[in-house]
Amino acid sequence: MKMNSRSFLIPFLGLLLLSQACTTAGRKDKDKSAKNGGKTSSTGSIEAGLPGAAEVTEASLRGKTFQLVPTLASVHFEYDRDALSGDSSAALKANAEWLKANAKVEVQIQGHCDERGTVAYNLALGQKRARAVRDYYRALGVPMSRMSTISFGKEKPECAEANEECWRTNRRAETRARVVD
């Protein structure tokens with residue numbers, strides 16, 4: 001069978017138009033998601049199964065000062081990890097109980113890393129650590145509207161020595177608090 005240039009061109013143009021339509025539809029979904037604050041629709045929401053799924057907005061950090069509270073324990077992480085350990089879970093449960101009993105307190109969960117790795121990588125890892133703590137508090141019944149997260153990466157170490165014991169100290173998430181007026 002002899003194929004001329006037109007018989008090849010028609011299926012090619014059809015595929016080109018189809019791929020363009022798919023790209024445009026994907027862009028429209030992204031635009032809708034951006035207008036909704038990055039949230040997906042209720043049928044595709046990752047957060048739909050969490051308690052308080054309708055409440056997904058963090059408290060604002062702007063113009064607020066948060067302090068360390070001795071009652072609220074910091075938790076530590078393994079190298080290059082953001083998963084909570086059993087010890088961390090127990091400390092965070094106690095923190096959550098205190099937070100639920102003190103309804104006029106907002107918290108800022110700060111994620112920190114050790115000095116190894118790039119600034120960008122550690123900022124992202126610190127944010128994952130802060131969110132892991134926030135999500136655990138949320139699962140225990142602390143409202144999202146009272147919590148915020150921030151990452152300091154490797155910028156605010158507690159210990160300045162270059163050894164594993166010091167690095168372990170710096171890989172942490174701190175829960176800082178302030179009383180709401």
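Structure above, values below:
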{"item": "Count of residues meeting criterion [touching a residue at least 60 places away in the same chain (Cβ under 8 Å) and within 20 Å of GLY153 (Cα to Cα)] in segment 167-181", "result": "10"}
{"item": "Inter-residue pairs, beta-carbon under 7 Å, first farther than 15 Å from MET147 by Cβ and hydroxyl-bearing (Ser, Thr, Tyr) and in segment 64-93, second surrounded by 12 or more Cβ atoms within 10 Å (Cβ to Cβ) and modelled with pLDDT under 95, 6+ apart", "result": "THR65/ARG178"}
{"item": "Tally, over segment 91-121, of residues that are over 13 Å from GLY141 (Cα atoms) and surrounded by 14 or more Cβ atoms within 10 Å (Cβ to Cβ)", "result": "15"}
{"item": "Selection status of THR71, over 21 Å from the mean Cα position of the chain (by Cα), in a helix (DSSP H, G or I), surrounded by fewer than 20 Cβ atoms within 10 Å (Cβ to Cβ) and not charged (D, E, K, R)", "result": "no"}
{"item": "Output for segment 140-161, where each listed residue is surrounded by fewer than 20 Cβ atoms within 10 Å (Cβ to Cβ), within 18 Å of the chain's Cα centre (by Cα) and assigned to a loop (DSSP other than H, G, I, E, B)", "result": "LEU140, GLY141, PRO143"}
{"item": "Check on ASP80, at pLDDT 95 or above and either assigned to a loop (DSSP other than H, G, I, E, B) or touching a Ser or Thr at 6+ places or on another chain (Cβ under 7 Å) (or both)", "result": "yes"}
{"item": "Answer from LYS100, LYS93, LYS128 - the residue that is over 18 Å from the mean Cα position of the chain (by Cα), outside any loop (DSSP other than H, G, I, E, B) and closer than 16 Å to SER74 by Cα", "result": "LYS93"}
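The values are calculated or read from the model by the stated rules, or taken from the named source; none is laboratory data. Computed from a predicted structure; not experimentally measured. Virtual Cβ from ideal backbone geometry, glycine too; neighbours counted across all protein chains shown.
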